[in-house]
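The values are calculated or read from the model by the stated rules, or taken from the named source; none is laboratory data. Treat the numbers as computed from the prediction; the structure is a model and nothing was measured. Here the Cβ positions follow ideal geometry from the backbone for every residue, glycine too, while neighbour counts run over all protein chains shown. These accessible areas exclude ligands, DNA and RNA; they are computed on the full protein's heavy atoms, side chains included. Shrake-Rupley method; radii C 1.70, N 1.55, O 1.52, S 1.80 Å.
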Amino acid sequence: MTGELPPTTAQAEDEAVTFTSELIRIDTTNTGDPATVVGERAAAEYVAEKLAEVGYETTYVES
């Protein structure tokens, strides 16, 4: 056993790392000021886009 992962597992791990890295780059700091919380929507849109790529339909619910 060489310790290498099968290509599909390695690819899935790479995708997970890329997704997570891109998601945490979006500033979702909630200051309480509506003018500065745009990052929360951007993060939701990013996740929705990734889900749509694999066939999921999303709905935004704002509070």
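Suppose we filter the range 43-63 for residues that are over 25 Å from ALA12 (Cβ atoms) and among the aliphatic types (A, V, I, L, M); how many remain?
If we filter the range 43-63 for residues that are over 25 Å from ALA12 (Cβ atoms), which is where we start, we get 59-63.
With among the aliphatic types (A, V, I, L, M) added as a condition, the list becomes 61.
Counting residues in the range 43-63 that are over 25 Å from ALA12 (Cβ atoms) and among the aliphatic types (A, V, I, L, M) gives 1.
Pairs, please: C-beta under 9 Å, at least 6 apart or cross-chain, first residue without any contact (Cβ under 8 Å) to a residue 60 or more places away in the chain and in the range 32-49, second part of a helix (DSSP H, G or I) and exposed (fewer than 13 other Cβ atoms within 10 Å of the Cβ)?
TYR46/GLU22
Just checking, how many residues over the range 1-41 are of a type in the set (A, V, I, L, M) and loosely packed, with under 10 Cβ neighbours inside 10 Å? Write out each step before concluding.
Applying the first criterion (of a type in the set (A, V, I, L, M)) to the range 1-41 yields 1, 5, 10, 12, 16-17, 23-24, 26, 35, 37-38.
Narrowing further to those that are loosely packed, with under 10 Cβ neighbours inside 10 Å: 1, 35.
Count: 2.
Taking the range 42-59 as the region of interest, how many residues are open to solvent by less than 100 Å² (accessible area, probe 1.4 Å) and of a type in the set (Ser, Thr, Tyr)?
2
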